[in-house]
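Take a look at the structure below.
The values are calculated or read from the model by the stated rules, or taken from the named source; none is laboratory data. Since we're looking at a predicted model, the values are computed, not measured. Cβ: placed from backbone, ideal geometry, glycine included. Neighbour counts: every protein chain shown.
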Amino acid sequence: MITGYNTDVPFQGKVYHVQTEDKGIDNPTIESLIYVGGEILAAFRTSYSKMVRHGRCDEKEVTRLLEAQHHRLIREIRQGRHDPEGLKPIGEGLITDRSLDQVVLDYIGELLKEEILELTPLSEDGLEGGGTCHLQLLARGNLTGRPIRNANVVFQLERDTGSQEVLCKEKTGTDGIVRARFPIPAVKGDSGLLVALLDHEACKARCEWKLGSRRESGKR
């Protein structure tokens, strides 16, 4: 279970308390509650059951999901989206010498600063030690959904001994998709992880698969 977050957000004379936590592997859900004056104003839940495999999941990815949901709600509160009195008219209380276009661009810029990169498998085949794997993954921003173009993706083997071996290096295309085909060295039992690492403009994302031993035809 991932440690959660608690944040007080002052807005328009009220203090909103945002609490986000991971409900655990038996109930793979990220739950956020918004309190005002000790009462629950709203609740939001996101399932990550698709990330659970064989009773395990990547805690780093769950943490990224938890952080993204927590910060999204904080932004929405500051935008007035959870004000019980409703949204204020656009521009109310705004005094600036900037043009509307510049205000919008500045807002988008601030939004992108908080965006987290995601690396999502689209297809996967041959994930066995001693075989050849075929992978397609989509790199995108979690807030805007924009594809991450021309980004470096490194595929490497990580063994339980702590050793790392780079197997392949590729780049994402204009659609944000990276396509890779490469052989995987033999592993003993379930002693290896195949890892895809995305590194783009100081932001990183990770996707991993547990490798099994390749079985010869006719043997069990």
Do you know which of the residues in the range 18-54 that are surrounded by 15 or more Cβ atoms within 10 Å (Cβ to Cβ) and among the polar types (S, T, N, Q) is farthest from residue 4 (Cα to Cα)?
32
Give the range 193-220 a look and list any residue that's at pLDDT 85 or above and either farther than 24 Å from residue 151 by Cα or small (Gly, Ala, Ser) (or both), or say none.
196
Condition (residue is among the basic types (Lys, Arg), in contact with a Ser or Thr (Cβ under 7 Å, 6 or more places away or on another chain) and assigned to a strand (DSSP E or B)) applied to the range 39-55: is it met by at least one residue?
yes
Residue count, the range 132-146 (criterion: surrounded by 15 or more Cβ atoms within 10 Å (Cβ to Cβ), of a type outside the set (S, T, N, Q) and part of a loop (DSSP other than H, G, I, E, B))
1
Looking at (1) more than 30 Å from residue 37 (Cβ to Cβ); (2) modelled with pLDDT of 80 or more, find the lone condition where residue 81 falls short.
(1)
Is it the case that residue 2 is out of contact with any His (no Cβ under 7 Å at 6 or more places or on another chain), assigned to a helix (DSSP H, G or I), at pLDDT below 90 and crowded, with 17+ Cβ neighbours inside 10 Å?
no
For the structure I just gave you, tell me whether residue 165 is within 15 Å of residue 153 (Cβ to Cβ) and exposed (fewer than 13 other Cβ atoms within 10 Å of the Cβ).
no
Filtered residues of the range 44-87 (kept if free of Cβ contacts under 8 Å to residues at least 24 places away in the same chain and more than 30 Å from residue 121 (Cβ to Cβ))
79, 81, 85, 86, 87
Residues located in the range 187-203, provided they are surrounded by 13 or more Cβ atoms within 10 Å (Cβ to Cβ) and either among the charged types (D, E, K, R) or over 18 Å from residue 123 (Cα atoms) (or both):
187, 190, 191, 192, 199, 200, 203
